[in-house]
Amino acid sequence: MSPVLHVGIDDTDSPRMGCTTYIAALLVDELTNLGCTFVDYPNLVRLNPNVPWKTRGNGAVCLRFACDEEKISSAMRTIVVIVKRNSDLAHKRTDPAVACLRGEVPAGITAFSKKVIRSVAAVREAEKTAKKFKISCISLKGRRGIIGAIAAIGETLQGDHTYELIAYRTPQTRSSPRKVDPESVLRMDRETRPLTFNNIDPETGRILVTPRGRDPILYGIRGENPDIVLRGHGIVKANEDVERWVIFRTNHGTDDHLSQVPSVAEALPHRPAVVTGKVSTMPHTIPGGHVIFELRDGSGAIDCAAYEPTGSFRDAVRKLVVGDLVEAYGGIRKGTKKYGHTLNLEKIKVMDLAQDIRFENPRCSKCGKRMESAGRRQGFRCRKCRIEDTTARKIPIAVERELALGMYLPPPRAHRHLTKPITRYGREK
Ligand code: ATP
């Protein structure tokens, strides 16, 4: 039987050109022509979205295929040639890498992948993993790319996963605006939802299947299974040629990056985290429209931020009051001289509601109108009736809460690739 190879590829693109998924798409054809047999869909693995040195969505790919012994060296040569030809080698922050493992994926590589998806790993850890599990690594420039390339091999998507069909543009059209018919996307959304997700932003009507950058992607359709994304592709119309398309199996929309940290104090910068605590300051809106509140547990406190682009999500956040018990999901931004670390909210689960107590001035015993303060610790007075009551105190009133228990998410336009949308809850694999 032909041995199975797992080939991870990462860090090929830059903001000005390229896309690692496109390299995977080219290689699907090249390797098939060489006689290799794919044992899985190409995998598109999103890594920690909070690492500062990512280009865009911190994606890496893995191709898993059976290959006759005598063809392995020519398959590897082809892979390196295609990666080299399609990488932005001149860009200072691009460090393309290819990693190759033969045989089963050991649990030790999967554990390394989880670290790269949920935390920050060092090049020397990747090198140690490669040595321990006999992964051959080829770096075309610096070594950093091997972190993602090895992580792509180790995330075998045994748990929850989704699919994305990515259609690519021809080289002639790549610098012009994308010509995807918006009506056809609306129809695709109507006919395939909820088995596809994040096609359109319901709040703004914005089409989300088309990216905005100068990459070769025309559109990507995300969904629960290969059939539904293929059906979606059949409905979407474009007034430009599709050069090729590929269905990826991926950790998109699975919350793969989010794990509970034991306490607020252990929420470290550049990592995604789920932090449980009580709201300890009232949410307030700062210039720019961002909403901030403080979350506290026995170990300390952290600011949580719902940024302006999260739209209506901020309305839910504004309804929190001191004492509410919440789970905050998001990435930790490193503190500055002025502020501590901040958790940039991706979603929030309201687990228990505190009583919202507001204090009102007492009413006048004669006219029934609200009295005004007579000064600090001097009670209240009614100007109209000229009554003063030095013993009167503010009266606590329990205000009805407008917030229900449950999970709150920003609209899809503000989701990260990894964020599990509400429509996927209950559909986990
Ligand atoms: P894409 O545009 O394909 O979605 P990306 O381009 O945003 O992804 P890359 O260009 O691949 O990101 O750059 C990410 C770099 O960071 C790679 O070199 C990768 O090895 C490295 N990296 C990714 N995740 C981690 C992590 N958790 N710890 C350390 N390094 C990481």
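The values are calculated or read from the model by the stated rules, or taken from the named source; none is laboratory data. From a predicted model like this one, the values you see are computed outputs, not experimental measurements. Glycine also receives a Cβ, built like all others from the backbone with ideal geometry; neighbour counts cover every protein chain displayed. The area values use the complete protein model at the heavy-atom level, side chains included, leaving out ligands, DNA and RNA. Shrake-Rupley method; radii C 1.70, N 1.55, O 1.52, S 1.80 Å.
Given a cut-off of under 8 Å on Cα pairs at least six residues apart, what relative contact order in percent is computed for the chain?
Details: 993 pairs, mean separation 61.8, N = 429.
Over the chain, the number comes to 14 percent.
Using a 10 Å cut-off on Cβ atoms, rank the peptides 67-74, 246-253, 328-335, 276-283 from the highest mean neighbour count down.
Working: 67-74: 13.2, 246-253: 24.6, 328-335: 20.1, 276-283: 17.4.
Result, highest mean Cβ count within 10 Å first: 246-253, 328-335, 276-283, 67-74.
Once the Cα gyration tensor of the stretch 122-171 is diagonalised, what are the square roots of 5 times its eigenvalues, in whole Å and ordered largest first, as equivalent ellipsoid semi-axes?
Its equivalent ellipsoid spans semi-axes of 26, 18, 8 Å.
Compute from the Cα atoms of the stretch 210-330 the Rg and the Dmax, the latter being the longest Cα-Cα distance, and quote both in angstrom.
Rg then Dmax for the stretch 210-330, in Å: 19.8, 58.
Give the average over all directions of the projected area of the C-alpha convex hull of the stretch 12-114, one decimal, in nm².
Numbers: hull surface 27.7 nm².
Spelled out: convex hull of the Cα atoms, projected over all directions, averaged, 6.9 nm².
Take Phe380, Phe359 and sort them by solvent-accessible surface of the protein heavy atoms, 1.4 Å probe, largest at the top.
These residues rank, largest area first, as Phe359, Phe380.
Run the helix sum for the chain: -39,500 (n - 2.57) per DSSP H stretch of 4+ residues, divided by residue count, reported at 222 nm to the nearest 500 deg cm²/dmol.
Taken over the chain, the calculation gives -6000 deg cm²/dmol.
Is there a pair in Lys92/Lys115; Lys114/Lys319; Lys114/Lys141; Lys84/Lys115; Lys54/Lys131; Lys84/Lys128 whose C-alpha atoms are over 31 Å apart, and which pairs would that be? Intermediate values should be presented prior to the final figure.
On the way: Lys92/Lys115 25 Å; Lys114/Lys319 35 Å; Lys114/Lys141 25 Å; Lys84/Lys115 27 Å; Lys54/Lys131 25 Å; Lys84/Lys128 25 Å.
Correct reply: Lys114/Lys319.
To the nearest µm²/s, what D does Stokes-Einstein give for the stretch 290-429 at 4 °C and 1.567 mPa s, using the Kirkwood radius over alpha carbon pairs as Rh?
71
DSSP beta bridges in the chain, what fraction antiparallel, as a percent rounded to 5?
Taking every DSSP beta bridge within the chain, about 95 percent pair in antiparallel fashion.
What whole-number value in Å² describes the accessible area per residue of the stretch 150-280 for a 1.4 Å probe?
41
Can you sort Leu26, Leu31 by solvent-accessible area, 1.4 Å probe, largest first? Please list the in-between numbers first.
Numbers: Leu26 25, Leu31 0 Å².
From most accessible down to least: Leu26, Leu31.
What angle do you read, to the nearest 10 degrees and between 0 and 90, between the alpha-carbon axis of helix 72-85 and the longest principal axis of the chain?
60
Go from 0 up to the bin containing the longest alpha carbon distance in the chain, width 10 Å each, and give me the % of pairs per bin.
For the chain, the pair-distance distribution reads 4, 19, 26, 22, 13, 6, 4, 3, 1, 0, 0.
Of the accessible area of the stretch 273-402, with the probe set at 1.4 angstrom, what percent is carbon plus sulfur?
The computed percentage sits at 50.
About the Cα centre of the stretch 180-246, what is the dipole size in debye to 20, counting +1 per Lys and Arg Cβ and -1 per Asp and Glu Cβ, all else neutral?
80
Probe 1.4 Å, all protein chains in place: accessible area of Tyr163 in Å², nearest 10?
20
With a/c under 1.5 counting as rounded, go ahead and sort the stretch 100-253 into rounded, prolate or oblate using the C-alpha gyration tensor (a ≥ b ≥ c being the square roots of the eigenvalues; past the cut-off, prolate if a/b is larger than b/c, else oblate).
Details: a/c = 2.59, a/b = 1.88, b/c = 1.37.
It is prolate, given that a/c is not under 1.5 and a/b is the larger ratio.
By average Cβ neighbour count within 10 Å, what is the ranking of 1-12, 100-111, 414-425 from highest down?
Those peptides, ordered most packed to least, come out 1-12, 414-425, 100-111.
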